[in-house]
Amino acid sequence: MSKRRTERLLSIVVLLLSARRYLTAEEIRRAVIGYPEQDAAFKRTFERDKDELRELGIPLETGTPGLFDDEVGYRIPRQDYELPDIHLTADEAAVLGIAARVWRSAELSGAAFGAMLKLTAASSGPGPADGDDEAAPAAPGIVPRLTTQEPAFGPLWEAVRDRRPVTFSYLASGRAAASQRELEPWGVVSRRGHWYVAGHDRAARPPGTRVFRMSRISGPVKMAGQAGTVAVPPGTDVRELVKDWGTTRDRDDARPATLMVRAGAGLGLRRPPARTEPSARKPGWDLVTTRFADLTWFAQYVASFGPDAEVTDPPDLRDAVIACLKGVLST
């Protein structure tokens, strides 16, 4: 759905919600910006708009404007449109908050505008004038901070939605040249300001589950199969795959790391296949040997444990953790 059409539909909803009687098509035409001047074109556009509103679940009611009128009029009964009281758990509210931050992205604007149209029209003013690109409806009190500026986001999101395999070039951490990947995508996830896609990589040796950071995808993402040909394994949690990716996933480019972790702390750093043994030189601490694939991600993860974790090797990881901790202290 185009932005201009969304604005026009929003204006119709607001108008018909506030009307005290049925409004004719001509009255709606005069009140709503964006309809063509030609009568035939207006009728076609208005019919499409009515169909779209009904598909969105908006109760568009028809009747006669007055006792002696024969022309059909339209209105939206407020009691049929308004939502009942909604009670959300903390987790549900958090998910909605994340979604609200993403909704302005171009890739999600069609679905998001439709949702916003159904949820906010009753409390919004008339739609903005055509051509005002900055006047799209926004959720009050929410400042979108999470963006989808990665060029790969759009096609990958569509591929996940349609269950289609894709191909792309990927420059892994520590590699000088990009490699070609053929992925069956299972989901896209945002973590710590970065977007990732997880799935089954057919081109890996051996083929298996992989996670890719979108900022490292070079060139276009191309569809490599028909819709519905990708099956997500039952019980798959893409969020957990991405969470683990910086340490043990993407094994073809993982590097070893040695950490000192305080006894009883840093459970996430000890997860298999990490190896843990008591430190001989520092009582009360353990020596943890693990692997990581992404320097920036893993440095931020280790830094999140604060004074309970120290990097022994490699030097670049240690420097990156120190830089993270200094950045926190300076804010």
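With a simple spin-label model that places each label point 7 Å from the Cα along the Cα-to-Cβ direction, the separation between GLN79 and ALA224 comes to 5.8 nm. Ranked from largest to smallest solvent-accessible area, with a 1.4 Å probe on the protein heavy atoms, ARG213, ARG20 come out as ARG20, ARG213. In plain terms, the chain from ASP162 to LEU325 could stretch by 54.5 nm, reckoned as 0.36 nm per residue minus the Cα-Cα distance. VAL321 sits among other residues whose Cβ lies under 14 Å from its own Cβ, and their net charge, with Lys and Arg +1 and Asp and Glu -1, is -4. The label point for ALA265 and the one for ARG30, both projected 7 Å from the Cα toward the Cβ, are 7.3 nm apart.
The values are calculated or read from the model by the stated rules, or taken from the named source; none is laboratory data. A quick note: this is a predicted structure, and the numbers were derived from the prediction, not measured. We place every Cβ from the backbone using ideal geometry, glycine too, and count neighbours over all the protein chains shown. Calculation scope for accessible area: heavy atoms of the full protein, side chains included, ligands and nucleic acids excluded. Shrake-Rupley method; radii C 1.70, N 1.55, O 1.52, S 1.80 Å.
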